[in-house]
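Heads up, the thing below is written out as structure tokens.
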Amino acid sequence: MRAVVQRVSSAAVRAGDRDVGRIDRGLLVFVGVERGDGPADVEYIAGKIGDLRVFEDPADPAKHINLSVKDVGGAVLLVSQFTLAGDCRKGRRPSFDTAELPQIAKVLYEDVARGVRAAGVPVETGEFQAMMQVSLVNDGPVTLLLDSKKAF
């Protein structure tokens, strides 16, 4: 399972003409589920999302990023993105052979949302398998890559 985590001042996602998720200060997280992912991958990604210390601590300006989204009372906007499983190493067209089947990926994506919520972080989501428009104000910018298999 892979995730792109961005610290944001605000973020929103639309599906068609509908607003489906919106947050103020927090994390915008794109999640891609790969074949073979399971509960351990969900636990790893959900845990990282809730505990990553990527927010500034006004009490300790020497440590530029020292607080988690929980610590600052922020929220998470979680958006499914199967293209994170894309392999661009060969040719010019990405291969998505490692992306999980949608019916399995949806369950794991929803499990990530539940895991982050269980940690006490408010979570908004996109709409699984929908064409979405995501807008954000990246704060920093701070953008991090997560991989539950720790490939990077």
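The values are calculated or read from the model by the stated rules, or taken from the named source; none is laboratory data. These numbers come from a predicted model, not from an experiment. So basically every Cβ, Gly included, is an ideal-geometry build from the backbone, and we count neighbours across all protein chains shown. Surface areas here come from the heavy atoms of the whole protein model, side chains and all, with no ligands, DNA or RNA. Shrake-Rupley method; radii C 1.70, N 1.55, O 1.52, S 1.80 Å.
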Being exposed (fewer than 14 other Cβ atoms within 10 Å of the Cβ) and assigned to a loop (DSSP other than H, G, I, E, B) is the filter here; which residues of segment 95-128 pass it?
D97, L101, G120
Would it be correct to say that F82 is farther than 17 Å from R2 by Cα, free of Cβ contacts under 8 Å to residues at least 60 places away in the same chain and not polar (S, T, N, Q)?
no
Restricted to segment 8-22, and to residues that are part of a strand (DSSP E or B) and open to solvent by 10 Å² or more (accessible area, probe 1.4 Å), which residue is farthest from F128 (Cα to Cα)?
S9
When restricted to D57, D41, the only residue of a type in the set (D, E) and within 15 Å of M1 (Cβ to Cβ) is D41
Can you tell me which residue in segment 23-45 is nearest to I65 (Cα to Cα), limited to those that are over 14 Å from the mean Cα position of the chain (by Cα) and open to solvent by 30 Å² or more (accessible area, probe 1.4 Å)?
R25
Find the residue count for segment 46-76, including only residues that are in a loop (DSSP other than H, G, I, E, B), open to solvent by less than 10 Å² (accessible area, probe 1.4 Å) and touching a helix residue (DSSP H, G or I) at 6+ places or on another chain (Cβ under 8 Å).
2
